[in-house]
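Engineer: Handing you this structure, nothing more for now.
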Ligand SMILES: Cc1cc2nc3c(=O)[nH]c(=O)nc-3n(C[C@H](O)[C@H](O)[C@H](O)COP(=O)(O)OP(=O)(O)OC[C@H]3O[C@@H](n4cnc5c(N)ncnc54)[C@H](O)[C@@H]3O)c2cc1C
């Protein structure tokens with residue numbers, strides 16, 4: 001029977017919950033707002049399937065394969081402008097859908113909670129949401145699709161991909177998996193608090209959210225929230241309390257600081273991550289600040305698929321070691337937790353997030369001034385010029 005003795009040893013992937021034949025396991029929020037399995041003893045038959053499905057207790061060996069690295073972006077400019085980096089997933093997803101397949105990725109529900117969902121459209125999955133997504137019953141639904149021989153594309157954090165594979169217990173030819181290089185996921189409770197406070201502050205419901213909007217360029221990714229009252233909020237990691245919490249390593253799940261899935265070799269077919277050094281990775285490539293994705297092809301299945309969809313991307317082969325050295329520190333290393341990480345969550349409910357973050361990772365007046373002038377220069381039409389001069 002699954003027992004979480006140490007929170008760092010549970011990534012909340014739902015494999016144990018999904019595999020239980022008696023539905024004895026539910027996923028329940030702890031005080032920080034992360035989901036953990038809870039076993040109803042009276043329903044448990046001690047079959048131990050939950051233990052054998054846990055990807056942390058049973059590490060899947062990675063495949064022998066000559067891994068290749070690419071810098072890419074979608075040829076469709078609309079996909080690039082609305083994706084976090086170069087928009088790898090949408091063209092891949094469309095290719096799967098054209099064959100009658102389905103995609104399972106992270107999106108928002110009506111309340112802007114981050115959830116995984118199976119969908120017949122690729123667009124809604126665009127963009128990183130820096131919050132742990134709720135997988136719900138996706139794993140068992142994916143299994144049903146796979147058994148009916150439907151092609152499935154699953155995109156998630158490494159622990160979610162390992163969780164899915166560990167739950168499935170066998171390789172399926174019709175399953176394509178994409179994992180992200182991930183440095184940690186903040187809690188859904190923190191995200192809800194942030195959204196509630198934003199709605200209060202701007203007196204409106206939300207219409208649309210982008211964690212890394214590219215108005216100020218790829219390299220200055222900014223939280224953008226469009227409100228129903230037409231107000232548009234922009235906040236970079238310099239001043240936005242949610243992004244600040246995320247990047248300061250103060251808000252991730254305990255298991256993220258000792259991530260069990262750090263390795264160049266993954267069990268997925270593709271690994272994607274940010275590309276900050278496109279011009280250093282590809283000779284002659286000009287970084288126009290619109291965003292490229294770093295891609296590692298992890299399997300021969302991945303290689304075959306990339307061959308089929310290559311014409312949908314600007315695609316440049318690059319050196320794997322160099323791509324890891326320049327952009328991929330988080331592929332092999334877990335983030336160091338902020339020294340006051342536990343205190344941050346312990347007192348989270350006592351004040352607004354903006355007041356709270358100020359006590360841990362202060363936002364300086366200088367930061368607000370830089371942020372304000374950015375907006376003014378942008379509206380004057382000189383922002384790009386000044387940025388390039390810098
Ligand atoms: C929580 C998190 C942490 C990350 N940390 C890093 C990092 O430290 N370094 C780095 O280089 N890159 C990191 N990334 C990846 C990065 O944000 C981009 O996803 C990557 O550059 C690929 O961009 P893209 O434009 O090709 O795809 P995107 O448009 O970003 O789409 C990627 C896919 O990610 C999935 N996704 C979005 N949010 C989540 C989520 N919360 N959980 C699971 N899946 C999700 C969506 O289904 C989407 O299809 C992280 C991503 C996430 C979600």
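Engineer: Expressed as a whole percent, how much of the Cα-Cα distance distribution for segment 254-346 exceeds 22 Å?
Structural biologist: In whole percent, the long-distance tail amounts to 41.
Engineer: Report the paramagnetic label zone for residue 288: residues of segment 55-90 whose backbone N is under 20 Å from a point 7 Å from Cα along the Cα-to-Cβ axis.
Structural biologist: 71-90
Engineer: Please give the direction-averaged projected area of the C-alpha convex hull for the chain, in square nanometres with one decimal.
Structural biologist: Mean shadow area of the hull around the Cα atoms is 19.8 nm².
Engineer: Rounded to the nearest 500, what is the chain's calculated 222 nm mean residue ellipticity when only DSSP H runs of at least 4 contribute -39500 (n - 2.57) each, over all residues?
Structural biologist: Calculated from helices alone, the mean residue ellipticity at 222 nm is -9000 deg cm²/dmol.
Engineer: Could you list 260, 219, 203 in order of exposure, starting from the residue whose Cβ has the fewest other Cβ atoms within 10 Å?
Structural biologist: 203, 219, 260
Engineer: Separate question: Please arrange 313, 108 by counting, for each residue, the other beta carbons lying within 10 Å of its beta carbon, fewest first.
Structural biologist: 108, 313
Engineer: How are the C-alpha pair distances of segment 297-374 spread across 5 Å bins, as whole percents from the shortest bin up?
Structural biologist: Calculated P(r), rounded to whole percents: 3, 10, 11, 11, 11, 11, 10, 9, 13, 10, 1.
Engineer: Oh, and also: Between 309, 209, 79, where does the largest GNM mean-square fluctuation fall for the chain, given springs only between Cα atoms within less than 10 Å?
Structural biologist: Of the options given, 309 has the highest mean-square fluctuation.
Engineer: Sorted from largest to smallest, which semi-axis lengths in Å does the alpha carbon gyration tensor of segment 7-53 give for its equivalent ellipsoid, taking the root of 5 times each eigenvalue?
Structural biologist: 19, 12, 8
Engineer: If you average the C-alpha positions of segment 312-358 and of segment 38-91 separately, how far apart do those two centres end up, in angstrom?
Structural biologist: Segment 312-358 and segment 38-91 have Cα centres separated by 18 Å.
Engineer: Here's something else I'd like to know. Hey, what did the chain get for relative contact order, percent, Cα under 8 Å, at least 6 apart?
Structural biologist: Relative contact order of the chain: 20 percent.
Engineer: Same structure again: Where is the GNM fluctuation largest for the chain (alpha-carbon springs, 10 angstrom cutoff): 294, 213, 280?
Structural biologist: Top of the fluctuation ranking is 280.
Engineer: Right, next: Put one equal scatterer on each alpha carbon of segment 207-247, apply the Debye formula with no solvent term, and list log10 I(q)/I(0) at q = 0.25, 0.30 1/Å to two decimals.
Structural biologist: -0.80, -1.02
The numbers here are math on the coordinates, done by the rules we state, and not lab data. Note that the structure is a prediction, hence the values are computed from the model and not measured. No Cβ is skipped: glycine too gets one built from the backbone with ideal geometry, and neighbour counts run over all protein chains shown.
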